[in-house]
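J.: Right, I'll just put the structure down here and ask away after.
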Amino acid sequence: MKTKKGIAILGSTGSIGTQALDVLSLYPEQFELEVLTAGKNADLLIEQALKFKPNTVVITEETLYQKVKDALWHEEIHVYAGEDALCQVVESTQVDVVLTALVGYAGLKPTIHAISAGKNIALANKETLVVAGELITQLAREKGVNIYPVDSEHSAIFQCLVGEFHNKIEKIYLTASGGPFRGMNTEQLKHVSLEQALKHPNWSMGAKITIDSATLMNKGLEVIEAKWLFNLSASQIDVVVHPQSIIHSLVQFEDGSMKAQMGLPDMKLPIQYALTYPARLKTPYPRFNFLDYPQLTFEQPDRTAFRNLNLAYKAMDLKGTVACTLNAANEIAVDAFLNKRIAFLEIAQLNEEVMDAITNTLNPKLADYINADLLAREKANELLK
Ligand code: NDP
Ligand code: MG
C-alpha cells in the first residue's frame, strides 16, 4: 500500500514553490514528489529536478523544452512543455495533492483538471478562487475534494476552525500588514516608485503579490478568496491592518468569542499545514517571542487612498463575472506598473475603469469566465495605449 502522499507542485520555481520544496525536504518519509512545473525558469527547474528526482516536470514555456529535456536525458524523469501539459500531469494516479503555486489566472485550468480528477488542492493561487470561486467550490463539492488554504490569513482562519466546523461563524477578520505605503495619503502615493513598492516590510514574495500588497489589492483578492473558502457573505468579512503580521487572522463566533492564529511571518508553516492537515509536524523554524513584540497594533485600512479594497467588495456585491474582470484588469495593470508604464495610483484607476466597462454575466459558466478575462485584458490594454 502507498504510504507517502504524492505531491504535484505547480509553480515550483516561485516563492511559494521553493518554500514548499524546503518543507518537503524536511519530511521525506511523508511525501513523494511527483510533479514539478515552471513557467520560464528552466535553469531552476532543472536544478530542482536533479535534486528532488520527481516523476515528471513541465516547463510551460515551450521554447525551453529542449533545454530541459537535454539536461535531464540521463534521468528517469518525464519532461513535458506547454499549458495543456499542466492540465494533464495533475491527473496522474500517483498524485494525491496538487499545490497550486502558479501566479494569476494561469492557475485556473490546471486547478479545474486537478479537482475533476479528484485531487485535493493546497491552494496558494488565490486568483483561481477570485476568478471562478463559484465554479471551483461547486466542483470541489461534487468531487468530494478538499481545498486547503496556503494563504497565511486563510490558513489562520482554517486553523481557528478546526474542531469548530459545526459552530457558525459570525465574522472573520483578515489581517493586513498595510504594505510599504501604509499611512500615506493619495498625494504622497502619487510619487512612490516601483522600487519602493517592491520592498514589502514583512514578507518576501513574488513580484505580482508584492505589488498587490502595496495597493491593498492583495487584501481585496483575499476577501473574495475567504468568501468562497469559508462560504461567507461580504458583510461577514472585515479587514484590519496589523503592521507586525503576527496575528495572521481571526474568527469571531456567534457567542462573541474570537480565536486568532499567530506566529512569526513565515509561509512555510501554512504551506506545511495545508499538506499535513490535520497533523502538525515538528518544525525547526524560529519561535515567536512575546518580548520581541511588546506591542501588537491594529488600525483601519485606508480605503480612500487604497481604492482596490473597495473594488473587491463591489465585485462581491455585483456577483457574476465582475471579480474575474477585476482580476484580469489587475494582472495587466500590475504588469504595466512593473514595466514602469504606469504610476502606482493608476493601477486602481485602470482596475475601476475596466470593471465598469465590461458587461457582467450572472450565473457564469466556465466559458463566461474565459470570455470576461479576455475582454477585460483587451480593454485594459486598450486603455493603456
Ligand atoms: P512567484 O512569481 O514567485 O512564482 C510564480 C510561479 O508560477 C513560478 O514558478 C513561475 O514560473 C510560475 N508561473 C508564472 N506564470 C506562469 C504561467 N503563465 N504559466 C505557468 N507557470 C507560471 O509567485 P509567488 O510564489 O509569490 O505566488 C504564487 C501564488 O501564491 C500567487 O497566486 C500568490 O498570490 C500566492 N501567494 C503567495 C505568497 C507568497 O508569500 N509568495 C503568500 C500567499 C499567497 P517561472 O518563475 O519559472 O517563470
Ligand atoms: Mg495572504
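The values are calculated or read from the model by the stated rules, or taken from the named source; none is laboratory data. Note that the structure is a prediction, hence the values are computed from the model and not measured. We place every Cβ from the backbone using ideal geometry, glycine too, and count neighbours over all the protein chains shown. The protein model used for the area step is the full one, side chains on, heavy atoms only, and it has no ligands, DNA or RNA in it. Shrake-Rupley method; radii C 1.70, N 1.55, O 1.52, S 1.80 Å.
The rows are residues; the columns are (1) more than 21 Å from Val103 (Cβ to Cβ); (2) within 12 Å of ligand 1 (Cβ to nearest atom); (3) touching a residue at least 24 places away in the same chain (Cβ under 8 Å).
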residue: Leu45; (1), (2), (3): no, yes, yes
residue: Val58; (1), (2), (3): no, yes, yes
residue: Thr63; (1), (2), (3): no, no, no
residue: Gln66; (1), (2), (3): yes, no, no
residue: Ala71; (1), (2), (3): yes, no, yes
residue: Ile77; (1), (2), (3): yes, no, yes
residue: Tyr80; (1), (2), (3): no, no, yes
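J.: Which ones in segment 93-118 are open to solvent by 20 Å² or more (accessible area, probe 1.4 Å) and more than 14 Å from ligand 1 (Cβ to nearest atom)?
T.: Those that are open to solvent by 20 Å² or more (accessible area, probe 1.4 Å) and more than 14 Å from ligand 1 (Cβ to nearest atom): Thr93, Gln94, Asp96, Ile112, Ser116, Ala117, Gly118.
J.: Another question about this same structure. Being buried (at least 17 other Cβ atoms within 10 Å of the Cβ) and assigned to a helix (DSSP H, G or I) is the filter here; which residues of segment 13-24 pass it?
T.: Keep residues of segment 13-24 that are buried (at least 17 other Cβ atoms within 10 Å of the Cβ), which gives 13-17, 19-21, 23-24.
Scanning segment 13-24 gives Ser15, Ile16, Gly17, Gln19, Ala20, Leu21, Val23, Leu24.
J.: Also, quick follow-up: Given the structure, is Pro201 in contact with a Gly (Cβ under 9 Å, 6 or more places away or on another chain) and open to solvent by 30 Å² or more (accessible area, probe 1.4 Å)? Step through it out loud before you land on a result.
T.: Numbers: in contact with a Gly (Cβ under 9 Å, 6 or more places away or on another chain): yes; open to solvent by 30 Å² or more (accessible area, probe 1.4 Å): yes.
Yes: the conditions hold for Pro201.
J.: Mind checking whether some residue in segment 122-137 is polar (S, T, N, Q), within 14 Å of ligand 1 (Cβ to nearest atom) and not in a helix (DSSP H, G or I)? Talk me through it step by step, then tell me what you get.
T.: First, pick out the residues of segment 122-137 that are polar (S, T, N, Q): 125, 128, 137.
Cutting the leftovers down to within 14 Å of ligand 1 (Cβ to nearest atom) gives us 125, 128.
Next, from what is left, pick out any that are not in a helix (DSSP H, G or I): 125.
Yes, segment 122-137 contains at least one residue that is polar (S, T, N, Q), within 14 Å of ligand 1 (Cβ to nearest atom) and not in a helix (DSSP H, G or I).
J.: Return yes when Gln244 is in contact with a Phe, Trp or Tyr (Cβ under 8 Å, 6 or more places away or on another chain), away from ligand 2 (no atom under 14 Å from the Cβ) and assigned to a helix (DSSP H, G or I) and no when it is not.
T.: Answer is no for this residue.
J.: With Phe165, Phe230, Phe181 as the choices, which residue is away from ligand 1 (no atom under 16 Å from the Cβ) and free of Cβ contacts under 8 Å to residues at least 24 places away in the same chain? If you could, list the steps in order and put the result at the bottom.
T.: Numbers: Phe230 fails: free of Cβ contacts under 8 Å to residues at least 24 places away in the same chain; Phe181 fails: free of Cβ contacts under 8 Å to residues at least 24 places away in the same chain.
After ruling out the rest, the residue left standing is Phe165.
J.: Considering only segment 146-158, I want to know if a residue exists there that is modelled with pLDDT under 95 and either surrounded by fewer than 24 Cβ atoms within 10 Å (Cβ to Cβ) or within 16 Å of ligand 1 (Cβ to nearest atom) (or both).
T.: Just the residues of segment 146-158 that are modelled with pLDDT under 95, to begin with: none.
Taking every residue of segment 146-158 in turn, none turns out to be modelled with pLDDT under 95 and either surrounded by fewer than 24 Cβ atoms within 10 Å (Cβ to Cβ) or within 16 Å of ligand 1 (Cβ to nearest atom) (or both).
J.: Please go through segment 25-55 and give me each residue that is surrounded by fewer than 21 Cβ atoms within 10 Å (Cβ to Cβ), under 20 Å from Leu275 (Cβ atoms) and out of contact with any Lys or Arg (no Cβ under 7 Å at 6 or more places or on another chain), ordered by number.
T.: Passing the criteria: Ser25, Leu26, Tyr27, Pro28, Glu29, Lys51, Phe52, Lys53, Asn55.
J.: If Lys314 meets every condition in (1) touching a Lys or Arg at 6+ places or on another chain (Cβ under 7 Å); (2) in a helix (DSSP H, G or I) apart from one, which number is that one?
T.: The single condition Lys314 does not satisfy is (1).
Per-residue answers, yes or no, for (1) open to solvent by 10 Å² or more (accessible area, probe 1.4 Å); (2) farther than 13 Å from Leu375 by Cβ:
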| position | (1), (2) |
| --- | --- |
| Ala315 | no, yes |
| Lys319 | yes, yes |
| Cys324 | no, no |
| Asn327 | no, no |
| Asn330 | no, yes |
| Ala336 | no, yes |
| Asn339 | yes, yes |
| Ile342 | yes, yes |
| Glu352 | yes, yes |
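J.: From the list Pro278, Pro294, Pro284, exactly one residue is loosely packed, with under 12 Cβ neighbours inside 10 Å, assigned to a loop (DSSP other than H, G, I, E, B) and free of Cβ contacts under 8 Å to residues at least 40 places away in the same chain. Which is it? Spell out the reasoning first.
T.: Values: Pro278 fails: free of Cβ contacts under 8 Å to residues at least 40 places away in the same chain; Pro284 fails: free of Cβ contacts under 8 Å to residues at least 40 places away in the same chain.
Just a single option satisfies the conditions, and that option is Pro294.
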